[in-house]
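Structure, as structure tokens:
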């Protein structure tokens, strides 16, 4: 566990024990994170049904899932400590999420990758190292500064870079949205 803390402080964390990160999906199945069994990178979307900014990004989250699910393991992480299974199911249904939705009310994964905002994207390479962490795009320029439409593709550019073995885009801008409530 000590090595995990050291790695996290470098921000390019590699998960040391997948067994420590077993989360329950809304369908009741156990999901081990990250899973390098299929050799795919993982894309984690940290969301909350109580965050209006998350709602603003729901269509883009779903579209990214559709566009990349054959090459990237996409997971929706419900990280608000107040989320119940029923609330998570309703949130997934209303937004049409097709990626597995995992419940992290204990915030083990949230803390491990240091996610602080919903919605926030974390893209892990096939070995579980953080390749990109931050905003999905620039729809929100600040907590209350929403544009009519996004003009950047921050996350999509990061996915493209990872899949083509290019370096991670820089800078990686902080997600704008709702602060994740601590457990």
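Normalising by the residue count of the chain, find the relative contact order in percent from Cα pairs under 8 Å and 6+ residues apart. It would help to have the intermediate numbers written out before the result.
On the way: 349 pairs, mean separation 43.6, N = 183.
The normalised contact order for the chain reaches 24 percent.
Kindly rank 26-33, 79-86, 142-149 from highest to lowest mean number of other beta carbons found within 10 Å of each residue.
Working: 26-33: 14.0, 79-86: 17.1, 142-149: 9.6.
So the peptides 26-33, 79-86, 142-149, ranked by packing, come out 79-86, 26-33, 142-149.
For the chain, give the share of DSSP beta bridges that are antiparallel, in percent and rounded to the nearest 5; count only bridges with both residues there. All intermediate terms of the calculation are to be shown ahead of the outcome.
On the way: 18 of 27 bridges.
If I count the DSSP bridges inside the chain, around 65 percent turn out antiparallel.
So for 135, 179, fewest C-beta neighbours within 10 Å to most, what's the order?
Arranged by neighbour count, lowest to highest, 135, 179 become 179, 135.
Run the quick spin-label model on residue 141 and residue 111: label points 7 Å from Cα toward the beta carbon, then report their separation in nm to one decimal.
3.7 nm
Using a 10 Å cut-off on Cβ atoms, rank the peptides 47-59, 115-127, 151-163 from the highest mean neighbour count down. Let's see the in-between values first.
Numbers: 47-59: 19.4, 115-127: 22.4, 151-163: 17.5.
Top to bottom by mean Cβ count within 10 Å: 115-127, 47-59, 151-163.
Once you order the gyration tensor axes a ≥ b ≥ c over the Cα atoms, which shape class does the chain get: rounded for a/c under 1.5, otherwise prolate or oblate by comparing a/b with b/c? Show your work: numbers first, answer last.
On the way: a/c = 1.32, a/b = 1.07, b/c = 1.24.
Rounded.
Cα extents of the range 114-183 along the three principal axes, largest first, in whole Å?
For the range 114-183, the Cα extents along the three principal axes come out at 35, 34, 14 Å.
Every read-out reported here was derived from the displayed coordinates using simple, explicitly stated rules and does not represent laboratory data. Quantities reported herein were computed from a predicted structural model and do not represent experimental measurements. Virtual Cβ from ideal backbone geometry, glycine too; neighbours counted across all protein chains shown.
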